[in-house]
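The next block holds one structure in the form of structure tokens; read it before the comments.
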Amino acid sequence: MKARLFSLLLLSALAAAAAETAPELHWYKGNTHTHTLNSDGDSPVGTVTHWYRDQGYDFVVVSDHRYLTVLTELQREFDLEAGRLEKRKFLLVTGEEVDGDIMRPDGTRAKTVHFISVGPRVAVGKQAGDTVTGLGQTIADAIRGAGGLPILNHPNFHWSVTAADMLALRHVRHFELHNGHPAVHNLGGSGHPSTEELWDQVLSKGRIYYGVASDDAHHWLEWSRAKSNPGRAWIMVRAAELTSAAVVDALARGDFYGSTGIELIDVTASDGTLRLKIRQKAVVPDPRMATNFFGYKTWFIGKDGQVLKVDESMEPSYTLKPGDLYVRARVLSSAGDQAWTQPLFAAGQGRLE
């Protein structure tokens with residue numbers, strides 16, 4: 001009896017010690033897909049990165065096509081501004097957009113495959129392949145070989161990547177669920193699934209993919225719906241510190257959500273329950289107008305895109321039921337902004353490949 005009591009006390013003490021030493025996690029806002037004059041963007045690296053810092057972002061991945069921008073000196077300047085000018089701390093993350101095309105016999109492009117490499121040591125450049133799956137695997141393997149985390153970009157660009165292609169890729173766990181470029185067909189149509197429908201097709205096969213929201217920003221000199229301007233979509237990453245290693249690690253384990261304007265105070269996925277806490281924003285921040293707030297609606301979505309529950313509270317939740325394979329959440333505000341959580345699979349279900 002005394003030995004059992006001692007064991008319980010020891011376990012309790014160890015748990016308390018672990019809780020005390022566990023690092024505090026913070027939400028960091030960032031964009032994983034950004035172009036500059038080093039490829040097909042219209043502005044220098046300094047202009048692009050300062051825009052993100054000054055708009056309240058915490059980090060940005062500079063991801064030019066087939067080019068790895070050296071960010072050491074620019075990061076030093078940001079650090080100096082944070083210290084001497086009391087600017088916000090801001091992190092630059094190395095990146096590259098790696099791409100390749102599937103060509104027709106007549107020399108025209110039939111399909112195109114693009115990935116973002118997040119945090120690589122070196123660039124890998126343009127890749128070649130005869131099929132979407134083969135080319136995609138070549139790109140993903142090259143990115144991992146360079147020390148980067150591969151994110152499959154805009155699958156509906158040129159209607160290039162199908163759910164079957166995504167399922168066939170090995171060691172790929174991230175894709176762009178929402179991309180801010182005006183020509184990437186997020187919503188699908190004319191017989192093509194939306195990116196959300198692609199996601200559910202893949203998740204419904206038990207394959208874990210994490211959904212990323214990004215700008216794919218190119219244009220700072222001209223602003224219009226037809227241009228690929230910054231600030232349209234981003235991710236919120238939960239990490240212990242604002243470093244490249246911590247950000248990439250949080251991305252890798254799926255501890256983030258995507259957004260076009262909605263802020264989630266908290267997201268938890270444990271014991272078979274997905275819980276959200278939404279930050280309610282005012283239309284005009286005026287304390288005399290207590291009812292002038294945006295409204296919110298959350299859809300909990302499961303296998304084959306089935307709506308499992310609709311919740312209009314500020315703390316929506318869903319507990320997996322027998323027969324549920326997974327649940328993910330999409331939040332919509334009355335202003336049209338959206339946010340997406342990562343999927344929570346039932347215990348023993350869901351696989352990473």
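Points to keep in mind about this one:
- For the residue pairs 111/281; 126/227; 126/303, alpha carbon separations beyond 30 Å are given by 111/281; 126/303.
- Gyration tensor (Cα) of the range 206-353, equivalent ellipsoid semi-axes in angstrom: 27, 22, 15
- Couplings 3J(HN,Hα) of the range 146-159, computed from phi: 8, x, x, 9, x, 10, 5, 8, 4, x, 8, 5, 6, 6 Hz, in residue order, whole Hz [Karplus 6.51 cos²θ - 1.76 cosθ + 1.60, θ = phi - 60°; x for Gly and Pro].
- Taking every DSSP beta bridge that has both ends in the chain, the antiparallel portion is near 75%.
- Each Cα pair under 8 Å and six or more residues apart adds its sequence gap; the mean of these over the residue count of the range 222-307 is a relative contact order of 16 percent.
- One chain, two ends: residue 307 and residue 108. Fully extended at 0.36 nm per residue, the span grows by 67.5 nm beyond their Cα-Cα distance.
- Computed over the chain with a Gaussian network model linking Cα atoms closer than 10 Å, the most mobile of 183, 226, 163 is 226.
- Remark on residue 344: its backbone amide H falls under 5 Å from those of 327, 328, a criterion applied only to residues 5 or more positions apart or on other chains, H modelled at 1.01 Å from N.
- Relative contact order [Cα under 8 Å, 6+ residues apart], the range 158-278, whole percent: 20 percent
- Dividing the mean sequence gap of close Cα pairs (under 8 Å, 6+ apart) by how many residues the chain holds gives a relative contact order of 14 percent.
- For residue 89, the aspartates and glutamates whose Cα comes closer than 19 Å to its Cα, not counting residues fewer than 8 places off in the same chain, are 24, 54, 58, 73, 77, 79, 81, 241.
- Membrane-span-like helices of the chain, defined as complete DSSP H segments with a Cα extent of 27 Å or more along the helix axis and a mean Kyte hydropathy of at least -1.0, are identified as 2-21.
- Difference of contour (0.36 nm per residue) and Cα-Cα distance, residue 225 to residue 252: 6.5 nm
- Within the set [x] -0.59, -1.10, -1.29; [y] -0.52, -0.95, -1.27; [z] -0.42, -0.92, -1.37, the number that log10 I(q)/I(0) by the Debye sum over Cα atoms at q = 0.08, 0.12, 0.15 Å⁻¹ takes when calculated for this structure is listed as [z].
- Each part gets one Cα centre, and for the range 155-180 versus the range 252-276 those centres are 21 Å apart.
- Amide hydrogen proximity for residue 169: with H placed 1.01 Å from N in the peptide plane, no residue at 5 or more positions away or on another chain lies under 5 Å.
- The charge dipole of the chain, taken about the Cα centre with unit charges on the Cβ atoms of Lys, Arg (+1) and Asp, Glu (-1), comes to about 840 debye, rounded to the nearest 20.
Every number in this text was worked out from the coordinates using simple rules, so none of it is lab data. Source: prediction; values computed, not measured. We place every Cβ from the backbone using ideal geometry, glycine too, and count neighbours over all the protein chains shown.
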